[in-house]
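Data block below; observations after.
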Amino acid sequence: MKKVIYYLLLSSLFVLLSACSDSESMYTEESKKEMANDSADYSDEGVIESEELPKEESATASSEVKTERMIIHQAFIRTNVKELTKAQSNIEQKVKKYGGYIVESNVYKEDDQTSSGNMIVRIPEKHFETFLSDAEGEASKVLERKVTGQDVTEQYVDLTSRVKSKRVVEERLLKFMGDAQKTEDLLKISEDLAKIQEEIEVLVGKLQYLENQTSFSTIELTMIESRVIVPEKLDSDELNTWEKTKKQFITSTNGLLAAGSAIVVFFIGNLPILLLIAVPVFVAYWIIKKRKQKSQLQ
């Protein structure tokens with residue numbers, strides 16, 4: 001009887017130990033799974049990127065991305081205008097009316113007949129076509145018109161998805177930081193968190209730039225004013241015919257007197273030199289003439 005009781009107790013103890021062993025084994029497996037998940041999220045190599053996120057999260061991020069087409073419009077118009085000042089004033093009023101703003105405005109005056117103005121304005125996208133029509137309406141002639149559009153929808157969607165993915169990583173790192181107990185782990189998490197936040201700031205900056213460029217269109221206007229200046233008719237008082245005649249007569253008389261004076265001064269002043277030159281020339285001429293006469297007589 002004692003042996004039977006002994007075997008029963010021994011069997012019960014064996015069953016209890018087996019159950020404890022199974023329970024310990026299950027706990028170990030769950031711990032391993034949790035550690036594996038944690039290591040997938042955060043490892044010694046750094047944090048996961050957006051490509052490594054679960055499919056459910058990536059799908060959710062992509063579905064929330066703005067799908068409206070985003071176009072960056074730019075235009076260049078060169079025109080002739082009758083009055084540059086008036087045309088610029090009207091353009092400025094239109095810019096203000098449509099809620100835009102002037103980036104740059106310059107006026108150049110080449111000469112009395114030609115002047116030009118250059119304006120760079122930014123107009124809300126919804127008023128882009130209307131403003132172009134108004135700007136061309138100020139012209140007497142459109143010399144050049146160029147309109148371009150760049151579709152950045154795909155780029156915007158990609159940046160938005162990347163920001164959402166990195167936000168998820170940022171939240172996980174913040175959670176890991178709160179649970180970290182070792183100083184070296186805390187430092188590593190802080191380093192990766194700073195890196196992720198810096199990347200988020202860069203991506204957000206690119207998103208804001210695209211949003212600004214697509215919400216406002218850029219238009220450059222060059223306006224040229226060419227006019228013919230007609231001279232005014234002079235009054236009789238402004239002609240001064242008699243005074244100008246007397247002035248011209250006196251000027252010409254003075255010119256003749258000055259020329260005669262110069263000739264007298266030249267010959268009288270240079271008379272000794274002229275005599276020195278004239279005497280030998282006269283002698284030579286006389287000798288040559290005598291020789292010709294003798295040759296003719298013979």
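Overview of values
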| item | result |
| --- | --- |
| Test: residue in segment 182-197 that is under 20 Å from the mean Cα position of the chain (by Cα) and over 18 Å from Ile71 (Cβ atoms) | no |
| When residues of segment 193-226 are limited to those that are of a type in the set (D, E, K, R) and surrounded by fewer than 18 Cβ atoms within 10 Å (Cβ to Cβ), the one farthest from Val95 (Cα to Cα) | Lys195 |
| Residue in segment 126-133 that is touching a residue at least 40 places away in the same chain (Cβ under 8 Å) and polar (S, T, N, Q) present | no |
| Qualifying residue in segment 112-134 (condition: surrounded by 14 or more Cβ atoms within 10 Å (Cβ to Cβ), in a loop (DSSP other than H, G, I, E, B) and modelled with pLDDT under 90) | no |
| Matching residues in segment 159-187 - criterion: being charged (D, E, K, R) and in contact (Cβ under 8 Å) with a residue 24 or more places away in the chain | Arg162, Lys164, Lys166, Arg167, Glu170, Arg172 |
| Test: residue in segment 85-101 that is part of a strand (DSSP E or B) and out of contact with any Pro (no Cβ under 6 Å at 6 or more places or on another chain) | yes |
| Counted residues, segment 82-122 - those being aromatic (Phe, Trp, Tyr) and within 20 Å of Ser133 (Cα to Cα) | 2 |
| Matching option when the condition is under 30 Å from Asp151 (Cα atoms), loosely packed, with under 15 Cβ neighbours inside 10 Å and either among the charged types (D, E, K, R) or modelled with pLDDT under 90 (or both), among Lys96, Lys86 | Lys96 |
| Qualifying positions in segment 178-190 - surrounded by fewer than 12 Cβ atoms within 10 Å (Cβ to Cβ) and in a helix (DSSP H, G or I) | Gly178, Asp179, Thr183, Glu184, Leu187 |
| Only listed residue being in a strand (DSSP E or B) and more than 15 Å from Phe216 (Cβ to Cβ), chosen from Lys175, Lys146, Lys164 | Lys146 |
| Extreme residue, farthest from the chain's Cα centre (by Cα), among residues of segment 117-168 that are of a type in the set (Gly, Ala, Ser) and more than 19 Å from His73 (Cα to Cα) | Ser165 |
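The values are calculated or read from the model by the stated rules, or taken from the named source; none is laboratory data. Because the structure is a prediction, the values reported are computed rather than measured. Quick reminder, even Gly has a Cβ in these numbers, built from the backbone with ideal geometry, and neighbours come from all protein chains shown.
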